[in-house]
1. For region 104-168, what size does the Cα cloud have along each of its three principal axes, sorted from largest down, in whole Å?
2. When ligands, DNA and RNA are left out and all protein chains stay put, how many square angstrom of accessible area per residue does the chain have with a 1.4 Å probe?
3. Could you size up the charge dipole of the chain around its Cα centre, putting +1 on the beta carbon of Lys and Arg and -1 on that of Asp and Glu, and report it in debye to the nearest 20?
4. Got a number for the accessible area of ARG209? Probe 1.4 Å, square angstrom, nearest 10.
5. For region 28-170, what size does the Cα cloud have along each of its three principal axes, sorted from largest down, in whole Å?
6. Could you look at region 89-176 and say what percent of its accessible area is carbon and sulfur, using a 1.4 Å probe and all protein chains?
7. Sorted by packing (mean other beta-carbon atoms within 10 Å per residue), highest first, where do 384-395, 171-182 land?
8. Could you give me the ³J(HN,Hα) list for region 432-441, computed from phi with Karplus coefficients 6.51, -1.76, 1.60 and θ = phi - 60°, whole Hz, x at Gly and Pro?
Amino acid sequence: MSSRFDVIVRGGRVVTPEGVTPGDVGIAGEKIAHIAVAISESAPKEIDASGLQVFPGILDAHVHFNEPGRTEWEGLATGSAALAAGGGAWFCDMPLNSTPPVLDAASFAAKASLAAEKSVTDFSLWGGLVPQNVDRLAELAEAGVIGVKAFMCGSGVADFPGITDEDTLRRGMRRAAELGLLVAVHAEDEGIAERLTAAARAEGRTDIRSWLDTRPLQVELAAIRLATDLAGETNCPLHIVHVSSPEGLAIVADARRHGVKVSAETCPHYLLLNEADALRIGAAAKCAPPLRPEASRRGLWDALGLGWVDTIGSDHSPAPPALKTAADFFDVWGGISGIQHGFPLLLGTAVERLGEHRALTLFSMLLAADVARRFQLPGKGRLAVGADADFTLLDLRHDRTLDNSELLYRHRQGPYHGRRCRCTVKETWVRGARIWRDGGIAPGARRGQLLRPNSAAHA
């Protein structure tokens with residue numbers, strides 16, 4: 001007798017925002033068909049998940065895979081493989097760093113085609129919002145971008161200039177609001193950072209401490225205040241990426257209470273590392289906004305409990321080793337490579353801080369359900385009947401020591417080498433197919449699919 005299931009995952013603890021319960025998960029085709037304490041039927045393929053957590057596939061809305069054009073920095077194949085190793089089922093790639101950047105329909109199509117060929121996870125793409133393409137946002141919306149990203153300071157990439165004047169950002173946000181496009185901003189105030197940098201250079205200060213001093217909290221807070229004010233004025237949906245401080249999250253929460261359509265993302269590295277770690281680790285821990293003092297890191301954990309964080313994204317931003325090495329720390333490329341180790345380490349740390357049940361339910365929202373909701377991804381983010389069969393099997397029973405030698409990045413560098421981690425990703429599945437198992441990409445893993453917002457169908 002044929003089974004109505006293709007796969008049954010047996011004996012795990014199924015994690016949803018409502019709780020963690022023992023159960024079996026039946027999969028038919030690409031979808032979850034049944035969840036029960038015990039499924040009496042059999043299936044051609046059965047997975048023993050005894051002792052493991054069945055966690056929803058992680059959705060990472062903030063990555064820099066740098067292809068086409070800078071594939072030597074990372075690439076869609078290596079980046080998506082590392083995401084799968086970290087428990088991820090979907091990513092949204094940022095528009096800069098690739099050449100050309102995603103500023104129009106043609107550049108969107110070129111990147112989407114490469115991702116469909118190379119990615120082992122599902123994916124979406126951000127478009128860019130720069131001074132010269134405000135009048136081309138309609139074609140990006142039609143192409144299917146998840147939203148458009150703007151820098152309120154220099155991006156570090158010549159062909160992706162920041163929007164550093166208020167009037168241009170206002171005009172871009174007003175046009176995005178007309179089109180129903182989400183705008184994401186890198187919120188740092190260019191003027192303050194430039195003045196502090198000029199002063200440090202005038203004094204001949206070039207070390208990491210000096211660089212950190214040019215990016216104090218006020219640089220971030222001033223930009224967040226301006227962005228939320230403009231979002232309220234233009235009625236533009238806004239997403240503040242990589243918020244590094246509880247003070248920044250408080251501004252977002254206050255704006256939301258006053259009717260602004262704004263959400264906030266933070267990143268694993270802000271929850272796991274602090275300024276002292278940056279001074280100790282050096283270039284591998286350089287990011288913008290920078291890592292903050294320990295009190296700020298602790299405050300971010302408190303902010304999670306207050307509901308001030310909407311999503312967590314890796315901001316995986318790799319570069320070749322040569323760009324991470326310079327006598328002048330101001331010249332070191334800023335960006336943390338963390339997509340593979342960051343999520344398991346964050347989950348393991350959360351279990352230790354919050355307890356297993358609270359940690360898993362909360363982070364199933366921050367890493368999956370709330371990401372799908374914010375970016376309008378029907379069928380993603382939850383373990384529920386009718387949803388895509390995206391999940392990862394997590395082992396929380398054993399400590400291990402993270403080692404950069406196991407990284408799947410094009411360049412095996414990252415800030416978590418030597419850290420103790422109590423969470424191991426055993427398997428990752430996307431739409432009913434295994435893509436990662438026990439330390440490697442599954443043989444014959446199929447390619448991912450492009451997802452557009454607000455559509456129940458895969459493109």
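1. Largest first, region 104-168 extends 39, 25, 16 Å along its Cα principal axes.
2. Per residue, the chain has 35 Å² of solvent-accessible surface.
3. It comes to approximately 800 debye.
4. About 80 Å², rounded to the nearest 10.
5. 62, 32, 26
6. Using a 1.4 Å probe with all protein chains present, region 89-176 comes out at 50 percent carbon and sulfur.
7. 384-395, 171-182
8. x, 10, 6, 10, 9, 8, 6, x, x, 5
The values are calculated or read from the model by the stated rules, or taken from the named source; none is laboratory data. As the structure is a prediction and not an experimental result, all values here were calculated from the model. Cβ atoms come from the backbone with ideal geometry, glycine included; neighbour counts cover every protein chain shown. The accessibility values were calculated without ligands, DNA or RNA, using every heavy atom of the protein model including side chains. Shrake-Rupley method; radii C 1.70, N 1.55, O 1.52, S 1.80 Å.
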